[in-house]
Amino acid sequence: MSWFKRESAPLDAPGEKRVRTEGLWVKCDGCRQIIWKKDLDQNLNVCPTCERHFRVDAQRRLELLFDDGQFEVFDNGLRSTDPLSFVDLKAYPDRLRQAQAETGLSDAVINATGKLDGRHIVISAMAHNFIGGSMGAVVGEAITRAIERALQHRTPLLVVSASGGARMMEGIVSLMQMAKISAALARLDDAKVPYISLLTDPTYGGVTASFAMLGDLNIAEPGALIGFAGPRVIEQTIRQKLPAGFQRSEFLLQKGFLDAVVHRKELRPYLARALNFMAAAA
Amino acid sequence: MRARRKEPASDAAVAAGVRYAAELLGQQAQAAWNMVSEADGQSDSIASHAQRELEQIEKQIAALDAVAGSNQEARRQLHNLHQQLETVRKQIHAHTHAWRITELARHPQRPYMLDYVQRLFTDFSEIHGDRAFGDDQAMVCGMARYHGEEVMVIGQQKGRDTKEKLARNWSMPNPEGYRKALRAMKLAEKFGRPVLSFVDTLGAFPGLGAEERGQGEAIARNLREMARLRVPSIATVIGEGGSGGALAIAVADRVLMLQNAIYSVISPEGCAAIMWRDAAKKDLAAEAMKITADDLQQLGCVDGIVPEPEGGAQNDHDEAARLLDVELQKQLRALASLSPNELMERRYERLRSLAQFFEG
């Protein structure tokens, strides 16, 4: 009964054949579509089905905005001093270290210069993944320096906001950054150097109540949440549910607080067009 | 059986005994601190209870001191215990201090903006409305005469009774309030009059309408415009300085704070709710955020502290106003000699220096 015996080499052990899919696919919160991550990346992190704009980190944001993704960073070594020696459930320096390790950034903003449509521009991009993109003394200083650099070289300035607001762990010092940045913007305004504010998801609190709303043009990406007070605080204050679409960029456009809501694909052409308009003054 | 004669305890035994007692007392002191730090509300009565415990421990230390005699080891133990006690005492004081100030800043009998206006100025004539939406009564603006000079007065006004509280919206302005304030400042600038602002708000109103009408934009614009106002300005935090809603009338050449006023980026309750996930930890948050006048002066965020009558401004409105008057006059005189360009330059330098960071 030799045909029960296998004479040749045994078959490969039937090890399970698995392909790792983790991290390769993303589910869209807007339309529940499962998207291949590479497709999403190639589509500027916008869902190809429903056009929902996914958040992009500061580094990628700069790559998307500058010509050929080329830029030079400046004033990026600033680090917080923990001015209040703040401790809540965790010490603030520990939170900082953790955020620095996770993001590779020293704080919640990257300053960069380069060209957009062939024109020199200074861009400050906030990093929402660094302690909620909150603004403490370092973010305040970095953005102020970006403004001063734009002023010095008479280069247009773009600030990309993505922040929960002032950084509570730096208390009053964070609050004062709002005044500091706004004062620097007053000088930029006096000098007629263009300043465009791009509000992305989410922009709240002290950031909305200072530089994010002070652009010569205030523009936002579709569907971004933008406001002064957070929705939960408002609900608790007025004790009623908030209407659908409240504090989305389309809502702010309708109420008259944005010049335009611009699709991520249209951002560069829109900015180029705006800079062209403002170029005569600059 | 013969009664055993009482032997004097050996050095080692004394040291061991004192060490054991000191450990127990140390634990008690720690427990007293834990009780205070974990208290949810009523922290004042709990803190005084803890203080009494500490006094008890102190008495027992005195008793142990007699036992220890000249035993070096035991004395060292007691010395350490004493230091631990001092640390706990300081912790408890610091812990309750900021919250006690917060309660004074919010005292229902504390003088409000119009109480000062009545005492400091003559010929006060209120101006109303933002010329766009309405008149926000949480924000009061008006022309006034200050020691013979015309000035513009701006401030958030709280209400004394329920009806007025409602009308004043608990001194939480809406965007139209901030826009009215800006209009008043621009008016002062046009006619070369100084701007005196009085800050007393929990914060800008977080309501549906406020968002629809651009609370963030209104505050932002004020910050920018105040920074380049061509007339002298003095802002005084008289009670609560709540976040952006306070700052929106407090970008000035001089920022003063009353001794028992507070100024912070978020209310202690709000901070506690977010950082401790428990609003009852408000006293912990108050301490951690450094919100008292002394704290702010140390951080370089205010230029002067205005003293208050014994026990707080609520005890004597006239005296509180007199003390504020002294400081305001002094500061205004110092600013009067500066040209608009010098004012703006120095104001910018003042704001620009609000920077603390490590570089490199």
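Would you check which residues across the range B:322-356 are within 14 Å of another protein chain (Cβ to nearest Cβ), of a type outside the set (A, V, I, L, M) and crowded, with 18+ Cβ neighbours inside 10 Å and list them?
Listed by number, the residues that qualify are B:Arg347, B:Arg350, B:Gln356.
When the residues of the range A:124-140 are narrowed to those that are in contact with a strand residue (DSSP E or B) (Cβ under 7 Å, 6 or more places away or on another chain) and over 14 Å from A:Pro202 (Cβ atoms), which ends up surrounded by the fewest Cβ atoms within 10 Å (Cβ to Cβ)?
Only one residue tops the list, namely A:Ser124.
Can you tell me how many residues in the range B:314-356 are under 19 Å from A:Ser182 (Cβ atoms), under 27 Å from the mean Cα position of the chain (by Cα) and either among the hydrophobic types (A, V, I, L, M, F, W, C) or not in a loop (DSSP other than H, G, I, E, B) (or both)?
Number satisfying all stated conditions: 9.
Any residue that is surrounded by 15 or more Cβ atoms within 10 Å (Cβ to Cβ), in contact with a Pro (Cβ under 9 Å, 6 or more places away or on another chain) and more than 24 Å from B:Gly242 (Cα to Cα) - is there at least one of those in the range A:226-240?
No: the range A:226-240 contains no residue that is surrounded by 15 or more Cβ atoms within 10 Å (Cβ to Cβ), in contact with a Pro (Cβ under 9 Å, 6 or more places away or on another chain) and more than 24 Å from B:Gly242 (Cα to Cα).
Can you find, within the range A:97-116, the residue that is farthest from the other protein chains (Cβ to nearest Cβ) among those that are under 15 Å from A:Glu141 (Cβ atoms) and outside any loop (DSSP other than H, G, I, E, B)?
The qualifying residue farthest from the other protein chains (Cβ to nearest Cβ) is A:Ile110.
With respect to B:Ala188, is the statement that it is surrounded by 19 or more Cβ atoms within 10 Å (Cβ to Cβ) and within 16 Å of B:Glu225 (Cα to Cα) true?
So B:Ala188 fits the description; yes.
So which residues in the range A:199-257 are over 18 Å from B:Ile219 (Cα atoms), touching a residue at least 24 places away in the same chain (Cβ under 8 Å), part of a helix (DSSP H, G or I) and not hydrophobic (A, V, I, L, M, F, W, C)?
The answer is A:Ser249, A:Glu250.
Would you say A:Val56 is within 18 Å of the chain's Cα centre (by Cα) and crowded, with 19+ Cβ neighbours inside 10 Å? Show your work before the answer.
Numbers: within 18 Å of the chain's Cα centre (by Cα): yes; crowded, with 19+ Cβ neighbours inside 10 Å: yes.
So A:Val56 passes the test.
Do we have any residue at all in the range B:230-245 that's within 10 Å of chain A (Cβ to nearest Cβ) and part of a loop (DSSP other than H, G, I, E, B)?
no
More than 30 Å from B:Glu38 (Cα to Cα) and surrounded by fewer than 24 Cβ atoms within 10 Å (Cβ to Cβ): is that true of B:Glu359 in this structure?
The answer is yes for B:Glu359.
One line per residue, one yes/no per condition, for (1) in contact with a helix residue (DSSP H, G or I) (Cβ under 7 Å, 6 or more places away or on another chain); (2) in contact (Cβ under 8 Å) with a residue 40 or more places away in the chain:
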position: A:Arg52; (1), (2): no, yes
position: A:Gln59; (1), (2): no, yes
position: A:Arg97; (1), (2): no, no
position: A:Asn129; (1), (2): yes, yes
position: A:Ile143; (1), (2): yes, yes
position: A:Arg149; (1), (2): no, yes
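Mind listing whichever residues of the range B:273-312 are assigned to a helix (DSSP H, G or I) and more than 13 Å from B:Ser37 (Cα to Cα)?
Those that are assigned to a helix (DSSP H, G or I) and more than 13 Å from B:Ser37 (Cα to Cα): B:Ala273, B:Ile274, B:Met275, B:Ala279, B:Met289, B:Ala293, B:Asp294, B:Asp295, B:Leu296, B:Gln297, B:Gln298.
For the range A:59-77, what are the residues that are over 18 Å from the mean Cα position of the chain (by Cα), assigned to a helix (DSSP H, G or I) and at negative phi?
Correct list: A:Asp67 only.
Return the residues of the range B:263-319 that are at the interface with chain A (Cβ under 10 Å from one of its Cβ atoms), among the small types (Gly, Ala, Ser) and touching a Pro at 6+ places or on another chain (Cβ under 7 Å); say none if nothing qualifies.
Result: B:Ala285, single match.
Which condition breaks for B:Leu166 when tested against (1) touching a residue at least 12 places away in the same chain (Cβ under 8 Å); (2) under 29 Å from B:Gln259 (Cα atoms); (3) surrounded by fewer than 24 Cβ atoms within 10 Å (Cβ to Cβ)?
(1)
Every read-out reported here was derived from the displayed coordinates using simple, explicitly stated rules and does not represent laboratory data. Because the structure is predicted, anything quoted here is derived from the model rather than measured. Note: ideal-geometry Cβ built from the backbone for every residue, glycine included; neighbour counts use all protein chains shown.
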